[in-house]
Every structure is written in C-alpha cells, then in structure tokens.
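Step one of this worksheet: look at the structure below.
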Amino acid sequence: MERVLKEFFGYTSFRPFQKEVVSQILKGKDCLVIMATGSGKSICYQLPPLITKKTAVVVSPLISLMQDQVMGLQQRGIRAEYMGSAQTDRTVNSRAENGDYDLLYMTPEKACSVSQSFWTALLSKGVSLLAVDEAHCVSEWGHDFRHEYQNLDALRPMLPKVPFVALTATATHKVREDIVQSMNLQDAYTAISSFDRPNLFYGVSGLNRTATFKQELAREILKDVGKSGSTIIYCTTIKDVEEVVDALQKEGANARPYHAKMSSTLRTEVHRAFSTDELQIVVATVAFGMGIDKPDIRRVIHYGCPKSLEAYYQESGRCGRDGFPSQCWMYYTRSDFAKRDFFTAGFTTAVRKQAVLDSYAAAKDYCATVKCRRSILLKYFGENPTAENCGNCDNCVRPGGIQYQNLAEEAHLLLSAVKVCGGNFGLGVPIDVLRGSRGKKVVDNGFDKSPVHGLGRGRNQNWWKSLADQLLGLGYLKETAGNNFRLVSVADKGDQFLWSASNMGLISSLMLPINQEMALEDAKRGEALPLPKSNMDMHLQSEGFSVVEQKFYHLLMEMRADIARRNSTSPYAILNESTLQKIAKMRPSTEARLRNIDGVNQWLVNWHGKEILDAIKTHSMEFNLSLDDFENSSQPSTVPKPKVDGKMNSSNGDATKLSPGKEEAWRMWQEQGLSFLEIANLPERPKPILENTVISYLCDCIKAGYEVDWGRFCDEVGFTRETALAVRAAVERAGSTELLKPIKEQAPEHITYRDIKVYLLQEECKLPFPKTPELESETEELGFEIVDAATVDAPQELSDSQEGSDGGEDECSLGLFARPSWLTDESENLKKPSRRKAGRESSPTGQGPLKKVKPSDHNPNESSENGKGISQKFRQVINNEVLEFIAASNSASLAMIFAAFSHIDEAEILKIMESLQQQFLIYSINNEYKAM
C-alpha cells in the first residue's frame, strides 16, 4: 500500500484511519468514513483501485466537484473520468463499461439511471468498490438532504460482493445511523476522525446590510487578499450576492458572483477561473463551494448565518484544507433565524421539520455563545474538546477574556414585560413594550399602560433579544410552538426570580456574560470586525523562512502557476503548498532528492521534475542559497582533552562559561565512570535531578571541548548509528537545524528530541557516527565485516572533469564521503549478476549468505577512463547487488546496507541508492528501503 501511495500521491505514510479503511475495503467490507475536511478521506477510495487494478465507482453530488477531482487525479497519472450531462467525450461511456478507468465518477442521478447491462459489463471487468461521497445527503436528519441519494441502495443487487463505502465530513449520531440504514451497509467498518480543524480561526460578528457596512467589509477583505490565497463569501440570498460583489468591485477587488440565476456556461467559467487562481474572490450562494476541491482557500466568510451547524461546518471546512492558518468569519443578524418557518413550511414529514428547527436552534446558540466556538462545534458532533479555550477563535482570544456583568435589573424588566404580555406573543412584543413602542399590538392590548412600558428604551432590540437568549438557556424563560410562530412565557425559575423581587424587595444578583452582540450594541458599533491577518509571509516567517527564502518560495509559486497554465489545470493539482514549502526549504538538486520529499509523486518527477530542479538551481544562485543544505563527515572519536585545570578555550565552545555543577557532572561521568542515572540520584543530593539534565550537562561540556568517551556516551543515551542516519535523513528533509520541531515531524516516530539534540551535537563537534553492537553481531553472523570510515584512506575530492559518466551531476553532487582509491573503471573479472529469483540462496534472512564483491576481485592498479572513480560497469554490478539485497531482505535500513557492502565507500552506496530511487526501483519509508 505504501508503495502505491508514494508512487501516485507522493506520500510515504498514511494519515490516521486511512490505512485501516483501505485494508477493510480490500477485504471486501462495507465502510462508513466520517473524516473532517482536509483529513484525506478521498485516499480511502482512490487507493484501492490502484492496488487491485479494478475500477472504483464514486458517486458525487456535483459535476463541478467531479471535474475538479478528475483533473487532479489525471495530473497524478491516474486514469480517471466522469459520466454526466457535462461530459463532451462520447467515448467515455463505452470505455467505462470496458473497465478502462481506475476511478469513474458519476452523480447519484446518473448512477441510478444507467442500464443494468452497463453494471454487468463493468462488473465482469472488475469493480473494487462503490463510494458515496457527501453521504450525509442520504439522511433526512442531514443538512443537505437529497432524495436521489436514498435510491442508491438499488445498486446493491447489481453490484454483489462489491464493498459500499459512505464518506462525509459532517454527520451527527442520528445522521450516521440514517446513512447505514438507507445505504443498507452490511456490518460496516466505521472510522470517525476528529472534527477539529486546529488551523482554522472561527469568529462571529453582527451584520447590518447597509452600504457602509459592505464597504468596510470589502476594505477589510482587500487588506489581505494578494498574499494569502483565495476567498469565498457565502450569502443566503442572490440579492446579497450581487450587492456584496458590487461593493468589492467598487473597491477594486477581483470578485465575481456565483448563483443559480447565472447561465451554466458563466458558472462554469467562474468555477474554472477560481480553481486556476485567475480569480481570487467568489461571492456565492451555498451551492458553489461543494464543487470546489481547492486546498489553498484562506478565508471563508458567511454574510448571514447558515441554516444549520452541519452546513456551516461543511462550508467553512473548505477553508485551509492544506493545513495552513486560515480564517472563518460569520456575520449574522437576528432576521437570519426568522427564516426557519419559511424553510420548514414545505416539509411533509414531522421528522424533517424538527430536524431543521433543531439545526437552526444550534446555529443560533453558536452565534450567541460567549464560550469557545471550536468547543461548541466539536460537542455538536459528539466529540469532547481537549480544552475549553482553543486560543484560535474570537471568544478565546478576546482581550481580558469573557466579561461578566450583574444584569439582574435588566432580567427583571424583561421577565416582567413577558409576564405583562401573558405568554401570548413572541419576543418582539415584550421588547417593544420595554422600549416604549406605541405600535398597534402594544396599544390594542393596553400594554402601553404597563408600569414597565418604556423602561428599557436605553437598549436596542438586539441587545434585549440577546439577553432573552441567555434567559431561555438558563431556564428563566420558556418557548413553545404556536400556530405560525413561537410563543415566549416566563418559566417556573423566572417566576421564582420575580416573586423574590416583589415579596422580599430584593433582586437577586444575576451575573451573565456579555457576548459580542451585546458588547457591539453597547458600544454603538455595527461595522465589520477587522479580519485577523493570515497572509502566507507571516506563516512562512513562523516556520523559519528567512526573507530571502520567502522571496524564493514566491518565485516557485510563480513557476507552479506557469506549469498549471500550460497544462490547463489548477496550480494545486501540480503541487500543493505544503509540498512546495518543503521544496523551497530543502532546495533539492537531483530528481532522487526531489522525489524523496513527502508529497512528490512519480508523475510529477517524470513530467515536471527537470523544470522544477532548473528553477531551484537558478533562483538559489540568484539569492545565494545553498542546494541540499546538508553536510557530514567522519571525524576523530573524542573531543580534545582540556588542560590540567580542566578548563580551556576551544573552537567548539568556551569552557570558562561552564558552571561548577556541569564540570562536576563531567568529572563523575568521564573520570569516575558513574552513569547518568547514578549522577542524577546521588545520595548526597537534597533532591534528585532528571537524568536528561545530567545528559545536557555532558553535552555542554562536549561543546566546550572536554574529553569524553564518545562511544560510551552514545551507548548510554541509546544513540545508535541507525538513529543517527534516521535523524540525518530528517534534517535533510526539514532543510534546517534552527528549529527541532520540523526535524521531529520529518523523523520516524521512535526518534526523540534527545536523539535529535545528540545528532546536532555530533555534527557541531564533528564527531563520528556511533557503532551499533547489535548490528556488528548481526553482520558477523552473516559473514560481513564493518569497516570504520575513519580507517579508510581518503583521496582528494573529484573535480567535475573527473566524474564518471554514469551519474553525472546527480551522483557527484552528494559529496558526503571520499571515494576509496582502489575503485577503478575496469573490473574485467566482475560479471554482471542476473536478477535473483525467489528461493535462490541470496537472502540474509536465512536462505544463505549474500555473495560479496571484494576489493581483491579486481586490480586496484587499473585506472578508469577518467583517471579516478568507479567505472560504469562496476557501478552497474553494485547497483544490481544492492537492489537484490534490498529485495531479498524485504526491507533494509541504510545501516544494514552499509554493513552488507562495507567494502564500498558510503558515498558510492548513497549515490547508488539515489540512482535506484530515481529509476523508481526502490522507495524509502520510515528510513527503511523497499524494492518496488
């Protein structure tokens, strides 16, 4: 699975749940997959057909979404196509029926309308799975219910023994049950990932639809548009879409509308322009974003509250799918929630009507809350948040935190007004009474004679409604359904509050939080809140990019855009931003090193690798940036011994700066032979210290030039040669040693921060790689001998004119080790071995020793055509031997390969490994090499 994942998608490891789901599908099991947007759920159904060589049928709700996904898959060398009314290629149906595609997309309407003969023919060629994307559309409890989805279970008899896979990013417990029942999933494997999107900032603010508000909103959006990806603005009505677009265009924004009244041709053009980065801002009704498979959307703004939290999570989830910081803002008014009666009027089932009413109530609570918005979202989907303060929403970052006020008097006034109205009205009439209105309902019912009439005119209507929301939530008020609207009355808890005030003459304290709506009204503000900055330069700076590297990165983005334009595709379909940033940081010089970057696949290297590498070399030279910013060499095994007084100034550090405690720790470890644990727990210590503290003391002493037994140090901290190689590879991928976290993220899971620190110490002080006793004993059993690089005579480095012709610049650019002098071009007595067959005695795993090529097998005095270096013929021999060794071992670490071929210089082995990877004969995962 990992091999196919790397070959087509460029990744060496799976995200959570992906591998488990793929494994279950390959076993023929139905699956229900609930994974947040951006967590990689599409891999779950895109990988099995590439493994089984059988077509995967994918049901998707929108043609535009299918077109985006097909385009992206084709750029990876995957045979993908869609069937639908927008398809202009007349051969697609017949080719699909013949099983010519790896992935075949269709709408639910198309899936249910194609003939049984089509399914029979396709089934005879092989069907690996039927996937239903956006599966929440199946459920009446879902936010985007579609009748066509409920007919998909009719495909079951036509596709016997084919696993059905339902996938969605948004599903409550009720929706999940409905999906399983409606699609008739049999004993389904269920995978539910976290709904948390930590890179997204959530914010909510009040909205008024005045021209001034729209102008301010447009200006705030434009402040950050240019450097920070794309923006989608969702509106609840077409009128709002047109007005917001007009405001943006007046401010000079490149913005266009998208809604149902536009022609199909125009909508397609807007979709294409947005996908290819020709258009930065789209203002749309909710249908638009569902068809967008774009990872670099930096802002999703809701101009009006959606009809449910599921809808909001789905729509806001289109933001920041590449994992980079992005923002989701909602601007709402009270009138947004009045639309619930309009949306439920046409429902014939009580279940569907109640589902919509509950959804509106949840969305309203989200807008009004003073608590962490991320926590509200997670709890809604049944997930317990790890913290009540996420630090990345407007409520959690508000200066001073949540503000509370004693609102007992205001609550008393509102409860009294509701009591006066007798519970026969909604909130509007009691609030009108408080604000001194003389409207018809107030006057006709005599409420203008009430003692509370006009006592609340100092607050506006929204402020009182916000207070009422809190009183409803706390149980002081209650809401009941009337014929056409909801009635509000005083609950028992509210009656008790009023009774205490009237009979005891004392109003109890009632501390309530001041939410954003109340704060804005108090401040007499209705303008849009400034959007938090999310431009990419700020993110790059936080990731350790220098100013020059940021400029370098933006030039690579221009190169990516140019490649996309020439290929009529989207830039993110060529390279996503996460992978592009890794390339910009590491600046690989060879195709093999480019391919080893996570996210780079075989198709990209084959088709665009040369252009990418040329751009890297050109711009690196322009900015004086190094390529492959990594170096290593073998050095003596100990640090120079200090002078008699124990202190010295060395090139590695200044011993005079060491504290007495550190010197004492060094003396006990180096001279007295105590272990780190013994030093940490000395009986005379008033309190034990951490073992890691002692290790850090020794590290400081090494930097300062104190002599240490480096082999013993490595043994005690568990730092092996294999660990060093794993960290070295991680450093190379991370591209920098300034921060430890990027290195840790690139390293295998077993690598600790201590391992990284020891490796960096080894590099800084020019210490050798440690030897691994286990590896020595293992290789002795296999008949191999480990040769210490320090004992090999190192000839002069080769000049460009002296390089062998086989590897060219790609091979010799590594330059990590010197070549042994005995390797020459002519090795006539060496015969090229044939590819090993299964069962042949060639495996180091019990099938017999591997035949080794020894220095004595050829004449070291014979010279190559160029005077120095390995000949092409001899390198081909070693290439085959290394490949056979890896294949026979199933997987092999670099340390095992070095040991097995210890008679070959490590630099040559590394070049051979690069060459094999460049030819896609081997691949690396978790620092283990495997044959393709």
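The values are calculated or read from the model by the stated rules, or taken from the named source; none is laboratory data. Being a predicted model, the structure only gives us computed values, none of them experimental. For neighbour counting, all protein chains shown are included, and Cβ atoms are generated from backbone atoms with ideal geometry for every residue, glycine included.
A single member of Ala888, Ala899 is out of contact with any strand residue (DSSP E or B) (no Cβ under 8 Å at 6 or more places or on another chain), over 18 Å from Glu591 (Cβ atoms) and surrounded by 22 or more Cβ atoms within 10 Å (Cβ to Cβ), and it is Ala899. Reported count of residues in the range 379-400, each being surrounded by 12 or more Cβ atoms within 10 Å (Cβ to Cβ) and either of a type in the set (A, V, I, L, M) or part of a loop (DSSP other than H, G, I, E, B) (or both), is 12.
Looking only at residues of the range 725-757 that are among the acidic types (Asp, Glu) and either at positive phi or outside any helix (DSSP H, G or I) (or both), we find that the one that is modelled with the highest pLDDT is Glu749. Taking the conditions (1) crowded, with 19+ Cβ neighbours inside 10 Å; (2) among the hydrophobic types (A, V, I, L, M, F, W, C); (3) in a helix (DSSP H, G or I) in turn, Leu767 satisfies each one other than (3).
Within the range 446-473, if we keep just the residues that are part of a helix (DSSP H, G or I) and loosely packed, with under 15 Cβ neighbours inside 10 Å, the residue that is modelled with the highest pLDDT turns out to be Lys449. Checked against the criterion of being hydroxyl-bearing (Ser, Thr, Tyr), closer than 24 Å to Ser23 by Cβ and either touching a Pro at 6+ places or on another chain (Cβ under 7 Å) or not in a helix (DSSP H, G or I) (or both), the candidates Tyr82, Tyr105 yield just one match: Tyr105. Of the candidates Gly475, Gly428, Gly422, the single residue that is over 30 Å from Ala311 (Cα atoms) and of a type in the set (Gly, Ala, Ser) is Gly422.
Counting just the residues of the range 227-241 that are surrounded by fewer than 18 Cβ atoms within 10 Å (Cβ to Cβ) and in contact (Cβ under 8 Å) with a residue 24 or more places away in the chain, which one comes out nearest to the chain's Cα centre (by Cα)?
Among those residues, the one meeting the criterion is Lys227.
Given the criterion surrounded by 22 or more Cβ atoms within 10 Å (Cβ to Cβ), of a type in the set (Val, Ile, Thr) and more than 18 Å from Cys328 (Cβ to Cβ), identify the matching residue among Val244, Val204, Val180, Val175. The unique qualifying residue is Val175. Just so you know, in the range 875-932 the residues that are in a helix (DSSP H, G or I) and acidic (Asp, Glu) include one that is farthest from the chain's Cα centre (by Cα), and it is Glu881. Of the residues that sit in the range 79-108 and are at pLDDT 90 or above and among the charged types (D, E, K, R), which one is nearest to Ser42 (Cα to Cα)? The residue in question is Asp102. Please verify whether Arg79 is touching an Asp or Glu at 6+ places or on another chain (Cβ under 9 Å) and among the charged types (D, E, K, R), treating the condition exactly as stated. Taking the combined requirement at face value, the residue satisfies it.
Specify the residue that is farthest from Cys31 (Cα to Cα); the eligible residues are those in the range 176-215 that are in a helix (DSSP H, G or I) and touching a helix residue (DSSP H, G or I) at 6+ places or on another chain (Cβ under 7 Å).
Of everything passing the filter in the range 176-215, Gln215 is farthest from Cys31 (Cα to Cα).
Do you know which of the residues in the range 337-370 that are over 22 Å from Tyr303 (Cα atoms) and not in a helix (DSSP H, G or I) is modelled with the highest pLDDT? Out of the qualifying residues, it is Thr349. Taking the criterion of being in contact (Cβ under 8 Å) with a residue 24 or more places away in the chain and acidic (Asp, Glu), the residues of the range 582-628 that qualify are Glu591, Asp598, Glu611, Asp628.
Can you work out which of the residues in the range 183-195 that are surrounded by fewer than 18 Cβ atoms within 10 Å (Cβ to Cβ) and under 16 Å from Ser39 (Cα atoms) is modelled with the lowest pLDDT? By that ranking, first place goes to Ser194. Scanning the range 690-715 for residues that are within 11 Å of Trp669 (Cα to Cα), surrounded by fewer than 20 Cβ atoms within 10 Å (Cβ to Cβ) and in contact with a Leu (Cβ under 9 Å, 6 or more places away or on another chain) yields a total of 0. Cβ-Cβ distances below 7 Å connect no pair with a first residue in the range 677-697 that is at negative phi and at pLDDT below 80, a second residue that is surrounded by fewer than 17 Cβ atoms within 10 Å (Cβ to Cβ) and assigned to a helix (DSSP H, G or I), and a separation of six or more residues or different chains. Those residues that are farther than 30 Å from Arg272 by Cα and of a type outside the set (Gly, Ala, Ser), I need them from the range 572-597; list them, please. Matches in the range 572-597: Lys585, Met586, Arg587, Pro588, Thr590, Glu591, Arg593, Asn596.
Among the residues of the range 138-152, are any modelled with pLDDT of 85 or more and touching a strand residue (DSSP E or B) at 6+ places or on another chain (Cβ under 9 Å)?
Yes, the conditions are met somewhere in the range 138-152.
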